[in-house]
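Q: Structure below; questions to follow.
The values are calculated or read from the model by the stated rules, or taken from the named source; none is laboratory data. What you are looking at is a predicted structure, and each value in this text was computed from that prediction instead of being measured. Glycine gets a Cβ as well: all are built from the backbone with ideal geometry, and neighbour counts include every protein chain shown. Each accessible area value is taken on the protein alone, full model and side chains, heavy atoms only, with ligands, DNA and RNA left out. Shrake-Rupley method; radii C 1.70, N 1.55, O 1.52, S 1.80 Å.
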Amino acid sequence: MATDDTNRRNLLKGAAAIGAVAAGSQLLPGAARYAQAQSSAPIKIGFQVHRTGIGAAYGRWYDRTTKAAAKLINDEGGINGRPIEIVAEDDGTDPKRGAEVIEKFATKHECDVAFGTLFSHVVIGSAPRAGELKLPYFVVSEGHHVASGMLNRYTLQPGITDVKSQVQSMAPWVADNLGKKVTMIYPDFAFGHDHRDYFSEAIERRGGNVIAKIAIPPRETSFFKYLPKIPKETEVLYHVMVGPGVLTFVKEMGEYFGDKRPEIFGFIDSLEAVDITSPGLEFLEGSHFWEGYPRYAGKDQSAHDKFYREAVGVDDTGASLSDPKDVSTFAHMFGCWETLHILKAGMEAADYKGPKDRQALIEAVENMDVFPESRAHPQGSKLFNGRTHQAFGHQHISRVEGGKLVPVHKTSIFDTFYEDETDYTKMSF
Amino acid sequence: MNLLDYLPFDLPHPALLAAGMLEGTVLAAVLALTALGLSIVFGIMRVVNVAHGEFYMLGAVLAWFITHTVSGIIGGPPWLGFALALIIAPLIVAALAAATDWLVLKRLNYDPEATIVATIGILYIIQQLALTFYGPDARPVEAPFDFRVQLPWFGYSGYKLCVVGAAILLMLIVWLILARTKIGLIMRATQYDRETAQAFGIPVDKVYAGVFALGAGLAAIGAVLIVPIQQAHYLMGGDPLLLSFIVVILGGLGSLKGTLVAAIFIGLSDGIISTLYEPTLAKILATLLVAMVLVFRPQGLFGARAA
Amino acid sequence: MIRSVLLHGFVIAALIALEPLLSEYHHGNLARIMVLAVYATGYNILFGYTGLLSLGHAMFFAAGMYGCALMIRLAEWSVGPAFIVGVICALIAGIIVGFLALRTIGVGFMIVTLMFAEASYLTILYYNEYTRGDEGFTIAQSVRTIAGLDLSDTTTRYFSALTLFSICLIASAAVVQSKAGRVLVAIRENEDRVRMLGFDPFRYKLFALILSAVMAGSAGAAYAVLFGYAGASFAAVQYSIFPLLWVLLGGPGTTLGPLLGTVLMFYLVDYASGTIMPGLAAMVETQFGIEAPGLASAYLLLVGVALVLLVLFAPKGLLGTLRARMIPWLP
């Protein structure tokens, strides 16, 4: 706890300082910016995207969000007066191809930085190559891999929170509002184990406990047979699932329980890119979801949220403007938008001119501390921990009401803190 | 001491066992139907059709297009779209398979190794065309009807139980065609001895195209039946392919009875073992069990000699 | 024989000579391709020469990868001994799988190897406490050294990959041109006749399978230490199919086919996904006004078309066809 408080104080101090600096630097942009721009050649951003493979549904929306953010940045004058160019390459949701794509960005396309991608195994497979090629690699993955210290100085995750902070910040609310005896269902992947471990710990701190842990093997297409493993005394069912089978999973839960269900708390990953009004999902009425960013625009929608949705082409229900059946990966894809804006801020702070300034760029981002809610950060304010290369932000809990996700709780950023597990700033470049 | 103490697992709760058996039965039914197509192609043409799973996927994707058109654009009820999908999707897939046979397999003279390579190529082509025109999302198809059957411990999808019935009915029809009609006789004659059949005036080329189309059509029917339970996705063909393969080999080459028994064996062993152990460990054990059956009975359960 | 020695010597010399000439991009690609070509070379001994089509070789690749990477991660061994452990793991896996799977032939062999590989893949996930499951783990740059050489350095990496590839290529060429190699080919053509001639086909097949597994495992271990990552996706079924495709393209039963196939497939996928298909999609959009985002990502379509054309017009792979038409002495 003491460490948490120290962290908090440090971050707050830093926040105030950086706030002042940021405000100051905004006073002298224009002239200096154009004078320094020696070349108007675009800044090349290598975008590693899941176009094929099991991450493709995410990749499509990461792509749209990235294009929208790039367009906005270019319309507003680019970075240091230079336009940005997104160089997209498919990683096939595969770590080997991911690493190859990173090499291609560095050595063939001669990108200034690399960016993108969601699935943890692709990030972990690619990061060593990014580090060796000294290519700044900004990931939008949610994984705890960055903050755990497993990766390197060149890999950062400033635009999206990690699974450890998401999961542990949910536990107090779940224990206080839904119940203390929890059964967890999760994929038998490292990502699922992170949920299992961090949630179990956090709920025990709140006097609850996890009474059963059901790990679903990969590529499973039928989930029903595992559901009777849920103990009768379960008060809360905690579920998180990924991949093309998510809708089947949730529908089969409905068939299994009928109207006599325990409280259900799920991570929206289980229904990301899925229409919540799909037939068979009626039983979710009254259940709760974690959302990184609420899919349905609430009554108190901010101007930034409105602007962001319009720019990306998403309506108030999180679906595509051109096809209401085409539901976005709303809880995750904002990370691309925010990361590109952080990249812009970082490059401007480092006065980035070319690959020789990559180190300065990393240091500039490491020195960042706070991202206030703004057009660049529509999801909300975030604090950035430069030592662990990881951002921390608000998490949301929504309740399904009338076939919509209605936000009912927003955590404080401090609920998501945990002790540092590494200090990248002590590593050499 | 109780003898039960020596079992290498805890006895499952009846609810768990019931769920495992039910799910195993549904898996077995769909698998039998899908594997039947592969088995016929394998048995009669001696062709290992690696693209079989993609014909299955295509059936599901076409079912989405058809039901989407009927309910979304014309505004018809879900059952109408589904009924149309059940007829049209397998026909389109069968036609495509016949074209594949004529364009590629025939030119390879059905050489076993070459057809494996060719069908791997066709696998990629179909899969990528689905990605191009249908996209990477998993999309649901509404069931033609659905009701929930309440069992003592939990509820179960009535539609799933109907799928089992439909699969049994379809298999009976296929069996009748093969065993009792002239078409079936011709197919069996071709299987028995291709050259002699040709000498007796059987149009072997047409029989082969027809058999290949029938096999693909059966996969597509299985997919249309399953797609209200799962979703249509461009990568969904992989698992049915592998499982069908396993079923066909385990059953014994060209033995339809073997295919059926193997499908039931695979479905139920997967369902029941999953109740005894942790899920992933259960998958490992079920996989090794099947491998070991083949290792110690290489000709399969009902095969006379290995191929 | 002399022609064969000259040919293989020339290929290795060419790979050495290319090193300073290649652009950084192709340099990096070729290092990875050589590691994967080791995998393909091993696969070719079993498939190309002995006629056994395995759908489970990813388990040997993964045995090498994990045997090596886990020794570094958990026991903090250095790269050299850990690499040897990886190769030994693949050897043991080869022996066990060989004794069991070689009881079957043809499609039965495909299925049994497939299922053993699937069980191996799931085992990696099941013991996620050590393996970190699907996510895998990195191997720190600082420990990736051998004899004082930094394996993450591009030149060292290139020559390490080349050394391993050369050893496997020479071993492969030596085996297939030996008496044992001719027995393997005879088994492929007619196993019964080999038995009648007094050879025990099982022993030869087991030898081929183990050699093949060891090469696959050494490629897996090399990938882990050269590229700093081990993950379960390398044990999944598509990594069993890749070497089959590479060998089919290059020419099964030719010593250099695996390298050629791996190079061609790599660049086919690379250009198709980065250039050809997005270009095609853009063309469709400008010419016909149809947005086709799916087309841009459908690069495996070209792989599919290539395979169908290959089997129709060059069924023995590129080098196999070359041997049949022009260079009969090609090993």
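Q: Long-range amide H contacts for A:V406: which residues qualify at under 5 Å (H placed 1.01 Å from N, peptide plane, sequence gap of 5 or more or a different chain)?
A: HN-HN under 5 Å from A:V406: A:R399, A:V400, A:E401.
Q: What is the projected area of the convex hull of the Cα atoms of region B:176-244, averaged over all directions, in nm²?
A: Projected area, direction-averaged: 6.0 nm².
Q: Could you name every residue in region C:205-244 that has 10 Å² or more less accessible surface in the full protein assembly than in its own chain alone (probe 1.4 Å, ligands and nucleic acids excluded)?
A: C:Y223, C:F227, C:Y229, C:S233, C:F234, C:V237, C:Y239, C:I241, C:F242, C:L244
Q: Hey, could you pull the Cα Rg and Dmax for region A:123-240, both in Å?
A: Answer for region A:123-240, Rg first and Dmax second: 16.8, 54 Å.
Q: Then there's this: Please list, ordered by chain and number, the residues whose modelled amide H lies under 5 Å from the amide H of C:W77; skip anything fewer than 5 residues away on the same chain.
A: C:I72
Q: Search the structure for amide H atoms under 5 Å from the amide H of A:I79, placed 1.01 Å from N in the peptide plane, and list their residues when 5 or more places away or on another chain.
A: A:I84
Q: Across the Cα atoms of chain A, what radius of gyration and what greatest pairwise Cα-Cα distance (Dmax) are found, in Å?
A: Cα only, chain A: 21.1, 70 Å (Rg, Dmax).
Q: Tell me, what is the FRET efficiency for C:V143 and A:D420 to the nearest 0.05, using R0 = 22 angstrom and their Cβ-Cβ distance as r?
A: 0.45
Q: Still on this structure, I have one more. Cross-link candidates for A:K299: which lysines have Cα within less than 25 Å, leaving aside residues fewer than 8 places away along the same chain?
A: Straight-distance partners of A:K299: A:K325, A:K382, A:K404, A:K410.
Q: Turning to a different aspect of this structure: Leaving ligands, DNA and RNA out of it, report the carbon-plus-sulfur percent of the accessible area of the protein assembly as shown at a 1.4 Å probe.
A: Of all accessible area on the protein assembly as shown, carbon and sulfur atoms account for 63 percent.
Q: If you don't mind, another one. At 1.4 Å probe size, with no ligands or nucleic acids counted, give the accessible surface of B:V211 in Å², nearest ten.
A: 0 Å²
Q: While we're on this one: Applying the Karplus parametrisation 6.51 cos²θ - 1.76 cosθ + 1.60 with θ = phi - 60° to the phi angles of region C:161-170, what ³J(HN,Hα) value in whole Hz is obtained for each residue in order, glycine and proline being reported as x?
A: 4, 5, 4, 4, 4, 4, 4, 5, 5, 5
Q: Once you compute Rg and the Kirkwood Rh from C-alpha atoms, what is the Rg to Rh ratio for region C:163-314?
A: A ratio of 1.09.
Q: Okay, moving on. Give me log10 I(q)/I(0) at q = 0.16, 0.21, 0.22 Å⁻¹ for region C:1-145, Debye formula, one equal scatterer per alpha-carbon, no solvent.
A: At q = 0.16, 0.21, 0.22 Å⁻¹ the computed log10 ratios are -1.06, -1.28, -1.31.
Q: Which of C:I327, C:A75, C:S233 sits farthest toward the positive end of the charge dipole of chain C, with +1 on the Cβ of Lys and Arg and -1 on the Cβ of Asp and Glu?
A: The one lying farthest along the dipole's positive direction is C:I327.
Q: If one computes P(r) from the Cα atoms of the protein assembly as shown, what percent of pairs lie at distances over 44 Å?
A: When every Cα pair of the protein assembly as shown is considered, 35 percent fall beyond 44 Å.
Q: For chain C, with a Gaussian network of springs between Cα atoms less than 10 Å apart, report the residue from C:E291, C:E135, C:E24 with the top mean-square fluctuation.
A: Taking springs between Cα atoms under 10 Å, the residue moving most is C:E291.
Q: Quick one: among C:Y299, C:Y229, C:Y49, which has the greatest mean-square fluctuation in a GNM of chain C with alpha-carbon springs under 10 angstrom?
A: C:Y299
Q: In debye, nearest 20, what is the charge dipole magnitude of chain A about its Cα centre with +1 on Lys and Arg Cβ and -1 on Asp and Glu Cβ, if you could check?
A: 380 debye
Q: Report the accessible surface area buried between chains C and B, summing both sides, using a 1.4 Å probe on protein heavy atoms only, in Å² rounded to the nearest 100.
A: Heavy-atom accessible area buried at this interface is about 3400 Å².
Q: Explain nothing, just compute: Karplus ³J(HN,Hα) = 6.51 cos²θ - 1.76 cosθ + 1.60, θ = phi - 60°, for every residue of region C:36-53 in order, whole Hz, x for Gly and Pro.
A: Computed from phi, the couplings for region C:36-53 are 5, 5, 4, 4, 5, 4, x, 4, 4, 4, 7, 7, x, 8, 9, x, 9, 8 Hz.
Q: Still on this structure, please answer the following. Rg and Dmax of chain C, using alpha carbons, in Å: what are they?
A: 20.3, 69
Q: Kindly report, to the nearest 10 Å², the accessible surface of B:C162 as traced by a 1.4 Å probe over protein heavy atoms only.
A: Roll a 1.4 Å probe over it and B:C162 shows about 50 Å².
Q: Another question, then. Compute the Rg/Rh shape ratio of region B:1-151: radius of gyration over Kirkwood radius, all on alpha-carbon atoms.
A: Computed over Cα atoms, the ratio is 1.11.
Q: Counting only other chains, what is the mean number of Cβ atoms within 10 angstrom of the Cβ of each residue in peptide B:281-290?
A: Mean shielding by partner chains, rounded to a whole number: 6.
Q: With a sphere of radius 12 Å drawn around the Cβ of B:L268, what net charge do the other residues whose Cβ falls strictly inside it have (Lys, Arg +1; Asp, Glu -1)?
A: Result for the local shell: -1.
Q: Checking understanding here: applying a Kyte-Doolittle mean of at least 0.0 and a length along the axis of at least 15 Å (C-alpha), which whole DSSP H helices in chain A pass?
A: Membrane-span-like by this rule: A:120-132, A:246-257, A:330-349.
Q: Tell me, what is the per residue accessible area of the protein assembly as shown in Å², probe radius 1.4 Å?
A: Ligands and nucleic acids excluded, the result is 37 Å² per residue.
Q: Determine which residues of region C:110-139 fall in the zone a paramagnetic label at C:E76 would reach in this model, i.e. backbone nitrogen under 18 Å from the point 7 Å along Cα→Cβ.
A: The answer is C:138-139, whose backbone nitrogens lie closer than 18 Å to the label point.
Q: Here is a follow-up. Residues of region B:218-236 with the amide nitrogen closer than 20 Å to a label point 7 Å from the Cα of B:W175, along Cα-to-Cβ, please.
A: The answer is B:218-219, B:221-222, whose backbone nitrogens lie closer than 20 Å to the label point.
Q: Additional query: Under a cut-off of 17 Å between alpha-carbon atoms, report the lysines in cross-link reach of B:K160, not counting same-chain residues fewer than 8 places apart.
A: A:K225, A:K251
Q: For chains A and C, what's the summed buried accessible area, probe 1.4 Å, to the nearest 100 square angstrom?
A: Chains A and C together bury roughly 3100 Å² of accessible area.
Q: Evaluate peptide C:93-106: per residue, the Cβ atoms of other protein chains within 10 Å of its Cβ; return the mean as an integer.
A: Taking all residues of C:93-106 together, the mean is 3.
Q: So which residue, out of B:S269, B:S71, B:S244, gets the largest mean-square fluctuation from a GNM of chain B using Cα contacts under 10 Å as springs?
A: In the Gaussian network model the winner is B:S71.
Q: What percent of all Cα-Cα pairs in region B:30-236 falls into each 10 Å bin, going from 0 up to the bin containing the maximum distance?
A: P(r) for region B:30-236, in whole percents per bin: 9, 33, 32, 19, 7, 1, 0.
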